[in-house]
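All remarks here apply to the structure that follows.
The values are calculated or read from the model by the stated rules, or taken from the named source; none is laboratory data. Note that this is a predicted model, so its numbers are computed, not measured. With ideal geometry, Cβ positions are generated from the backbone for all residues, glycine too; neighbour counts draw on all protein chains shown.
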Amino acid sequence: MSMKVFGLAGYSGSGKTTLMVQLLPLIADRGLTVSTIKHAHHDFDVDQPGKDSFEHRNAGATEVMVSSAKRWALMHEHRVQPEADLDDLLRRMSPVDLVLVEGFKRDRHDKLEIVRGDDATPNLIKTDPHVVALASDRPWPEANCPVLSLDDPRAIADFVLRHCGLIDSVDRTA
(Lines give C-alpha, C1' and ligand atoms only; values in the text may rest on other atoms or scores of the structure.)
Protein backbone atom coordinates (compact mmCIF):
# COMPACT_ATOMS: atom_id res chain seq x y z
CA MET A 1 0.00 0.00 0.00
CA SER A 2 1.33 3.42 -0.95
CA MET A 3 0.39 5.89 1.77
CA LYS A 4 -0.69 9.33 0.69
CA VAL A 5 0.85 12.19 2.64
CA PHE A 6 -0.66 15.66 2.99
CA GLY A 7 0.39 18.48 5.29
CA LEU A 8 -1.18 21.27 7.28
CA ALA A 9 1.31 24.10 7.56
CA GLY A 10 1.24 27.54 9.08
CA TYR A 11 2.68 29.55 11.85
CA SER A 12 1.97 29.10 15.54
CA GLY A 13 -1.59 30.02 16.44
CA SER A 14 -2.92 29.67 12.89
CA GLY A 15 -5.23 26.78 13.79
CA LYS A 16 -3.38 23.73 12.46
CA THR A 17 -4.32 21.48 15.37
CA THR A 18 -7.93 22.68 15.44
CA LEU A 19 -8.29 21.91 11.74
CA MET A 20 -6.53 18.53 12.13
CA VAL A 21 -8.98 17.47 14.85
CA GLN A 22 -11.91 18.51 12.63
CA LEU A 23 -10.57 16.67 9.56
CA LEU A 24 -9.78 13.34 11.21
CA PRO A 25 -13.37 12.16 11.85
CA LEU A 26 -14.54 13.51 8.47
CA ILE A 27 -11.94 11.31 6.76
CA ALA A 28 -12.28 8.27 9.03
CA ASP A 29 -16.09 8.34 8.66
CA ARG A 30 -15.59 7.63 4.94
CA GLY A 31 -13.95 4.32 5.80
CA LEU A 32 -10.42 5.55 5.13
CA THR A 33 -7.58 4.88 7.53
CA VAL A 34 -5.72 7.98 8.60
CA SER A 35 -2.71 8.60 10.84
CA THR A 36 -0.93 11.77 11.86
CA ILE A 37 2.58 13.04 12.43
CA LYS A 38 3.07 16.20 14.50
CA HIS A 39 6.36 18.08 14.55
CA ALA A 40 7.33 19.76 17.80
CA HIS A 41 9.96 22.48 17.76
CA HIS A 42 10.35 22.35 21.49
CA ASP A 43 11.69 19.58 23.68
CA PHE A 44 8.85 17.28 24.67
CA ASP A 45 8.40 14.05 26.56
CA VAL A 46 5.47 11.66 26.54
CA ASP A 47 6.88 9.90 29.57
CA GLN A 48 7.03 10.94 33.24
CA PRO A 49 9.80 10.74 35.80
CA GLY A 50 9.20 7.89 38.21
CA LYS A 51 7.51 5.66 35.64
CA ASP A 52 9.32 2.43 34.77
CA SER A 53 9.56 3.34 31.08
CA PHE A 54 11.12 6.70 31.94
CA GLU A 55 13.66 4.93 34.14
CA HIS A 56 14.50 2.52 31.29
CA ARG A 57 15.24 5.44 28.93
CA ASN A 58 17.07 7.35 31.62
CA ALA A 59 19.27 4.30 32.23
CA GLY A 60 20.32 4.26 28.55
CA ALA A 61 17.77 2.30 26.50
CA THR A 62 17.64 3.44 22.89
CA GLU A 63 14.01 2.36 22.52
CA VAL A 64 11.33 1.61 25.08
CA MET A 65 7.97 0.15 24.14
CA VAL A 66 5.04 0.39 26.53
CA SER A 67 2.06 -1.84 25.83
CA SER A 68 -1.41 -2.34 27.29
CA ALA A 69 -4.68 -3.88 26.17
CA LYS A 70 -5.70 -0.61 24.48
CA ARG A 71 -2.49 0.77 22.89
CA TRP A 72 1.23 0.62 22.58
CA ALA A 73 3.79 3.37 22.27
CA LEU A 74 7.39 3.25 21.15
CA MET A 75 9.77 5.91 22.39
CA HIS A 76 13.06 6.27 20.56
CA GLU A 77 15.93 8.31 21.97
CA HIS A 78 18.08 10.12 19.41
CA ARG A 79 20.93 10.48 21.89
CA VAL A 80 23.75 11.71 19.60
CA GLN A 81 21.93 11.03 16.32
CA PRO A 82 20.30 13.90 14.39
CA GLU A 83 16.54 14.43 14.49
CA ALA A 84 14.64 12.01 12.24
CA ASP A 85 13.33 13.53 9.05
CA LEU A 86 9.80 13.10 7.77
CA ASP A 87 10.70 10.27 5.37
CA ASP A 88 12.34 8.29 8.20
CA LEU A 89 9.27 8.76 10.39
CA LEU A 90 6.88 7.74 7.61
CA ARG A 91 8.83 4.51 7.05
CA ARG A 92 8.21 3.59 10.70
CA MET A 93 4.44 3.99 10.47
CA SER A 94 1.94 1.23 9.78
CA PRO A 95 0.35 1.50 6.34
CA VAL A 96 -2.79 3.64 6.13
CA ASP A 97 -4.66 5.40 3.34
CA LEU A 98 -3.56 8.88 4.41
CA VAL A 99 -1.01 10.43 6.76
CA LEU A 100 -1.81 14.01 7.75
CA VAL A 101 1.31 15.92 8.72
CA GLU A 102 1.14 18.87 11.08
CA GLY A 103 4.20 21.06 10.86
CA PHE A 104 7.24 20.00 8.81
CA LYS A 105 6.43 23.10 6.76
CA ARG A 106 9.84 23.11 5.04
CA ASP A 107 9.55 19.49 3.82
CA ARG A 108 8.65 18.57 0.23
CA HIS A 109 5.13 17.16 0.52
CA ASP A 110 1.93 18.75 -0.69
CA LYS A 111 0.36 20.92 1.95
CA LEU A 112 -2.33 23.40 2.82
CA GLU A 113 -1.18 26.72 4.27
CA ILE A 114 -3.39 27.92 7.11
CA VAL A 115 -3.70 31.68 7.55
CA ARG A 116 -5.90 33.17 10.27
CA GLY A 117 -6.50 36.78 11.27
CA ASP A 118 -6.70 40.16 9.59
CA ASP A 119 -3.01 40.93 10.05
CA ALA A 120 -1.81 37.50 8.86
CA THR A 121 -0.59 37.01 5.34
CA PRO A 122 0.21 33.85 3.34
CA ASN A 123 3.96 33.40 3.35
CA LEU A 124 4.70 29.78 2.57
CA ILE A 125 2.81 29.82 -0.71
CA LYS A 126 5.19 32.49 -2.01
CA THR A 127 8.26 30.29 -1.65
CA ASP A 128 7.08 26.67 -1.43
CA PRO A 129 5.81 25.02 -4.64
CA HIS A 130 4.33 22.22 -2.49
CA VAL A 131 1.70 24.55 -0.99
CA VAL A 132 -1.29 23.65 -3.14
CA ALA A 133 -4.02 25.68 -1.41
CA LEU A 134 -4.80 28.15 1.37
CA ALA A 135 -7.27 27.73 4.22
CA SER A 136 -8.27 30.97 5.88
CA ASP A 137 -10.92 32.76 7.88
CA ARG A 138 -11.09 35.43 5.17
CA PRO A 139 -10.96 35.54 1.36
CA TRP A 140 -7.69 35.94 -0.56
CA PRO A 141 -8.80 37.07 -4.06
CA GLU A 142 -5.17 37.68 -5.05
CA ALA A 143 -4.19 34.06 -4.38
CA ASN A 144 -3.37 32.01 -7.46
CA CYS A 145 -4.47 28.75 -5.83
CA PRO A 146 -7.65 27.37 -4.25
CA VAL A 147 -8.69 29.26 -1.09
CA LEU A 148 -10.78 27.23 1.35
CA SER A 149 -12.78 28.52 4.28
CA LEU A 150 -11.63 27.42 7.74
CA ASP A 151 -15.35 27.49 8.62
CA ASP A 152 -15.98 24.57 6.24
CA PRO A 153 -13.82 21.62 7.34
CA ARG A 154 -15.90 19.23 5.20
CA ALA A 155 -14.91 21.17 2.05
CA ILE A 156 -11.28 21.07 3.19
CA ALA A 157 -11.52 17.30 3.75
CA ASP A 158 -13.04 16.92 0.26
CA PHE A 159 -10.19 18.96 -1.23
CA VAL A 160 -7.49 16.94 0.56
CA LEU A 161 -9.03 13.60 -0.42
CA ARG A 162 -9.50 14.67 -4.06
CA HIS A 163 -5.99 16.07 -4.21
CA CYS A 164 -4.56 12.81 -2.85
CA GLY A 165 -6.64 10.71 -5.26
CA LEU A 166 -8.63 9.07 -2.48
CA ILE A 167 -12.00 10.21 -3.85
CA ASP A 168 -13.00 11.09 -7.39
CA SER A 169 -15.69 13.65 -6.67
CA VAL A 170 -17.21 15.48 -3.75
CA ASP A 171 -19.26 13.14 -1.57
CA ARG A 172 -21.39 15.31 0.72
CA THR A 173 -23.21 12.32 2.23
CA ALA A 174 -20.23 11.12 4.27
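A few remarks follow.
- Hits in the range 64-98 - residues which are aliphatic (A, V, I, L, M) and not in a loop (DSSP other than H, G, I, E, B): V64, M65, V66, A73, L74, M75, L86, L89, L90, L98
- Selection status of A120, at pLDDT below 90, in contact with a Ser or Thr (Cβ under 9 Å, 6 or more places away or on another chain), of a type in the set (A, V, I, L, M, F, W, C) and assigned to a loop (DSSP other than H, G, I, E, B): yes
- Residues within the range 123-168 that are within 19 Å of the chain's Cα centre (by Cα), outside any loop (DSSP other than H, G, I, E, B) and over 16 Å from S14 (Cβ atoms), tallied: 10
- Tally, over the range 140-159, of residues that are modelled with pLDDT under 90 and loosely packed, with under 14 Cβ neighbours inside 10 Å: 3
- In the range 23-63, the residues that are closer than 30 Å to G165 by Cβ, in a loop (DSSP other than H, G, I, E, B) and among the basic types (K, R): R30
Conditions (1) within 18 Å of V115 (Cβ to Cβ); (2) without any contact (Cβ under 8 Å) to a residue 12 or more places away in the chain, marked per residue:
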| residue | (1), (2) |
| --- | --- |
| Q22 | yes, no |
| R30 | no, no |
| D45 | no, yes |
| Q48 | no, yes |
| S68 | no, yes |
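- Per the conditions (1) under 27 Å from S2 (Cα atoms); (2) at pLDDT 90 or above; (3) crowded, with 17+ Cβ neighbours inside 10 Å, the sole criterion not satisfied by R162 is (3).
- Selection from the range 50-73 of residues that are more than 24 Å from L32 (Cα to Cα) and under 26 Å from the mean Cα position of the chain (by Cα): T62, E63, V64, M65, V66, S67, S68
- Residue in the range 108-117 that is hydrophobic (A, V, I, L, M, F, W, C), surrounded by 10 or more Cβ atoms within 10 Å (Cβ to Cβ) and either assigned to a loop (DSSP other than H, G, I, E, B) or without any contact (Cβ under 8 Å) to a residue 12 or more places away in the chain (or both) present: no
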